[in-house]
Amino acid sequence: MRLERRVHRPALLTLGAPLLALAFALAVAGGLIALSGAPVIEAYKRIAIGAFGSRLAITETLTRATPLILTGLAAAVAFRARVWNIGAEGQFYIGALAVAALGNVLPFSAGLLLGGALAGAVLLVVPVLLRLRFGVDEVVTTLLLNFIVLLFVSLAIEGFLRDPLAFGWPQSVPVPSEARLGKLIEKTRLHWGLVIAVGVALAVFAVNRFTVFGLQSQAAGANADAARFAGVPISRTLIGVACLSGGLAGLAGAIEVLGVKGHVSTALSPGFGYTGIVVAMLANLSAIGVIFAALFVAAMFVGADGMSRALEVPSFIADVTTSLALLAMLVALFFTNYRVAR
Amino acid sequence: MNELLDILMSAGLWSSTFRIATPLIFGTLGALLCERAGVLNLGIEGIMTFGAMIGWLTVFHTGDLWLGVAAAAGSGAMFGLLHGLMTVTLGLSQHVTGLGITLFASSLSYYVFRLALPVQGTPPTVEPFANWVVPVLSDLPGIGPALFNQTPLTYLAIACALVLAYVLARTPLGLAIRITGENPHAADAQGLNPLAIRICAIIAGSALMAVGGSFLTLAAFNSFFPTMVQGRGWVCIALVVFSTWRPMRALLGAVLFALFDAWQLRLQTAFGKALPYQLFLMLPYVLSIVALVVMARRARVPQALMKPYRRGER
């Protein structure tokens, strides 16, 4: 058996392969649901109802998708330039913490969002500088920074940012209500953050498609040596990518605080940073695709929550399905570019 | 200052150092083996989690501790095979595949664990490995009581380091692995099969990682809980760089790291009132990053690391 690059990419395959990958992941998840003794079709039905079955369900799914769009974009812009930013979780939390810390100094949304994004950007620029200057692999440093930041958040909300009125719960002081993001639909949790996230996705798409920086970052990722030879300033481009990627993840944290919680705790993110990697890969690193991938992942999580309560299937099934979809998608995308030759 | 030194001299500190080091030794050796063959295995965090879960579950149902270790190794090998098929046979991105396997393996462990044991008030426990006291050696002054009064898995970890060091440096098999990691084209020209060598190295390395995970539930603690691996896998990836890809230095690095971790735990109890405990918990991660920065310049990375090999393609 030999693998060879396809000369032509059949259109049907380009469209069909990702769907096939999703179908595969859902089928395996079905097998795992069957293991728990729950009826599989019923479980799928309940996942769909839980995610899209009512007005409230739809707004919950969209609320959940909002940070995922941004962390997905963070991973997508970084991976396109081969900057392996696995630290979106830490950048998310540092962005959130910046909002809590600045809340009473800059009590308006735009300033706080910018502050959160800046904090996230700084947190990624450091490991990227370490890579450029000392050759330290950013995968490990960004991963380790996640743990450091989470401990720092815990330190802050038990120390200098502690809310004295929270009955001993470790959480930060609340942000002033005038700085919080407005509701998109009354009596739901859906907030203006969704509009911001989608707008940012469109902006990232435009940057990738129409600007010199977008081209340079793609070139730096595709072949750094060739790009350098063609006159692309690699270091400057990668630092720019780091600012953008870290900024997006920091913005996600800021929006989650201003839109949903109003304060920071160590339970703010159920792994939004890590799930962002899944979202980016499901979207094949396309900025527009990230919106849809985030919707799919959010729907899985929100739907599985409802389903697991009703049928007593562990809600971890959503994590299993989305991570399996990521692996299947990698293989599917490979076979749109390669074929088996005899 | 005297207080700091007193802590450093106590036998209890060194005893817990080797206990903390054990999973790191297994994990670092596993990651090192994969990287020596040219493959970065970021599945380590998830594979350790799954090893911890399946090892515990096996012992919970059968009561046989070694069967638990074997089950962990087997599960690690399966994830290694998956990693190998994707990164070696298909040549997919090692970063993304590894992270995908980490996410998949850890979420699958939580799912399977919940399936096997619905939520209960107090988590059930197993009878963990007892310490094996090595007769004469444990009476040695100084290091004796600390190093030779440990669970068998600790001795196994040290033995693995010795064996791997010998195999990599002194045997034809080790040479084949190293050629594959440095230059798979040359390996192919020598009549070796670089793809098969890489896949086998990943399988064996992943099995070691999973055994390291099982130490957590079968010796260090006696129950399984989510997120118990706590970034140990990522620390191992950093330790591989620190070790400059040599097994004996990996052993040394893991022990040094563990010594530091054990020391900060004791500092925490000594100075916990004056400083927030999170600062102490951060130290090991900060230390890993500092070690990476210091070692990065001196590191001799396997030349073909992270470069997929396809016959007939350059």
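The values are calculated or read from the model by the stated rules, or taken from the named source; none is laboratory data. Source: prediction; values computed, not measured. Ideal geometry is used to build each Cβ from the backbone, glycine not excepted, and the neighbour counts take in all protein chains shown.
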Checklist entry - Has region B:205-223 got any residue that is farther than 25 Å from B:Gly253 by Cα and in contact (Cβ under 8 Å) with a residue 24 or more places away in the chain? => result yes
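Rundown of residues vs (1) at pLDDT below 95; (2) closer than 19 Å to A:Ala119 by Cα; (3) touching a Cys at 6+ places or on another chain (Cβ under 8 Å), yes/no style:
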position	(1), (2), (3)
A:His191	yes, no, no
A:Gly199	no, no, no
A:Asn223	yes, no, no
A:Leu244	no, yes, no
A:Gly247	no, yes, no
A:Ala252	no, yes, no
A:Glu256	no, yes, no
Flagged in region A:174-187 as surrounded by fewer than 19 Cβ atoms within 10 Å (Cβ to Cβ), charged (D, E, K, R) and assigned to a loop (DSSP other than H, G, I, E, B), in numbering order, are A:Glu186, A:Lys187
Checked against (1) within 15 Å of A:Tyr44 (Cβ to Cβ); (2) more than 11 Å from chain B (Cβ to nearest Cβ), A:Ala325 satisfies every condition except (2)
Of the listed residues (B:Ala70, B:Ala37, B:Ala77), the one being touching a Gly at 6+ places or on another chain (Cβ under 8 Å), more than 10 Å from chain A (Cβ to nearest Cβ) and more than 17 Å from B:Met228 (Cβ to Cβ) is B:Ala37
Can you spot a residue in region A:285-292 that is of a type in the set (Val, Ile, Thr), part of a helix (DSSP H, G or I) and surrounded by 24 or more Cβ atoms within 10 Å (Cβ to Cβ)?
yes
In the set B:Glu127, B:Glu45, the lone residue that is outside any helix (DSSP H, G or I) and of a type in the set (Asp, Glu) is B:Glu127
State whether the residues of region A:94-115 include one that is in contact with a Leu (Cβ under 8 Å, 6 or more places away or on another chain), crowded, with 24+ Cβ neighbours inside 10 Å and within 9 Å of chain B (Cβ to nearest Cβ). no
Condition set in a loop (DSSP other than H, G, I, E, B) and of a type in the set (A, V, I, L, M), scope region A:143-173, selection farthest from A:Ala267 (Cα to Cα): answer is A:Leu165
Exactly one of A:Thr63, A:Thr14 is in contact with a strand residue (DSSP E or B) (Cβ under 8 Å, 6 or more places away or on another chain) and either part of a helix (DSSP H, G or I) or in contact (Cβ under 8 Å) with a residue 12 or more places away in the chain (or both), and that residue is A:Thr63
Just one listed residue, out of B:Ala238, B:Ala262, is within 14 Å of another protein chain (Cβ to nearest Cβ) and under 30 Å from A:Ala156 (Cβ atoms), and it is B:Ala238
If we keep only residues of region A:307-322 that are surrounded by fewer than 19 Cβ atoms within 10 Å (Cβ to Cβ) and assigned to a helix (DSSP H, G or I), then the residue farthest from the other protein chains (Cβ to nearest Cβ) is A:Ala310
A:Ser36 fails exactly one of (1) under 26 Å from the mean Cα position of the chain (by Cα); (2) among the hydroxyl-bearing types (Ser, Thr, Tyr); (3) surrounded by 15 or more Cβ atoms within 10 Å (Cβ to Cβ), namely (1)
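Here's the yes/no breakdown for (1) among the small types (Gly, Ala, Ser); (2) at pLDDT 95 or above:
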{"residue": "B:Ala189", "(1), (2)": "yes, no"}
{"residue": "B:Ile199", "(1), (2)": "no, yes"}
{"residue": "B:Ala204", "(1), (2)": "yes, yes"}
{"residue": "B:Met209", "(1), (2)": "no, yes"}
{"residue": "B:Phe224", "(1), (2)": "no, no"}
{"residue": "B:Val235", "(1), (2)": "no, no"}
{"residue": "B:Leu239", "(1), (2)": "no, no"}
{"residue": "B:Thr244", "(1), (2)": "no, no"}
{"residue": "B:Pro247", "(1), (2)": "no, yes"}
Here the qualifying pairs (Cβ atoms under 7 Å; residues six or more apart or on different chains; first in region A:152-181 and within 14 Å of chain B (Cβ to nearest Cβ); second among the aliphatic types (A, V, I, L, M) and assigned to a loop (DSSP other than H, G, I, E, B)) come out as A:Val153/A:Val264; A:Ile157/A:Val264; A:Leu161/A:Val173
Residue count, region B:112-126, condition among the hydrophobic types (A, V, I, L, M, F, W, C), under 14 Å from A:Glu312 (Cβ atoms) and either in contact with a Phe, Trp or Tyr (Cβ under 9 Å, 6 or more places away or on another chain) or modelled with pLDDT of 85 or more (or both), comes to 3
Only one of A:Leu3, A:Leu13 is more than 14 Å from A:Thr321 (Cα to Cα) and more than 14 Å from chain B (Cβ to nearest Cβ), namely A:Leu13
Going through (1) farther than 22 Å from B:Cys160 by Cα; (2) buried (at least 16 other Cβ atoms within 10 Å of the Cβ); (3) more than 12 Å from chain A (Cβ to nearest Cβ); (4) of a type outside the set (A, V, I, L, M) one by one, B:Lys273 fails only at (2)
Being surrounded by fewer than 20 Cβ atoms within 10 Å (Cβ to Cβ) and among the small types (Gly, Ala, Ser) narrows B:Gly12, B:Gly27, B:Gly43, B:Gly76 down to just B:Gly12
Kindly indicate whether any position in region B:134-144 is assigned to a helix (DSSP H, G or I) and loosely packed, with under 15 Cβ neighbours inside 10 Å. yes
Condition check: hydrophobic (A, V, I, L, M, F, W, C) and either within 13 Å of chain A (Cβ to nearest Cβ) or surrounded by fewer than 18 Cβ atoms within 10 Å (Cβ to Cβ) (or both). Does B:Val290 satisfy that? yes
In region A:64-84, anything in contact with a Gly (Cβ under 7 Å, 6 or more places away or on another chain) and of a type outside the set (A, V, I, L, M) is listed as A:Thr66, A:Thr71, A:Gly72, A:Arg80, A:Arg82
Looking across region A:17-54 at residues that are without any contact (Cβ under 8 Å) to a residue 40 or more places away in the chain and under 13 Å from A:Ala299 (Cβ atoms), the single one that is farthest from the other protein chains (Cβ to nearest Cβ) is A:Gly53
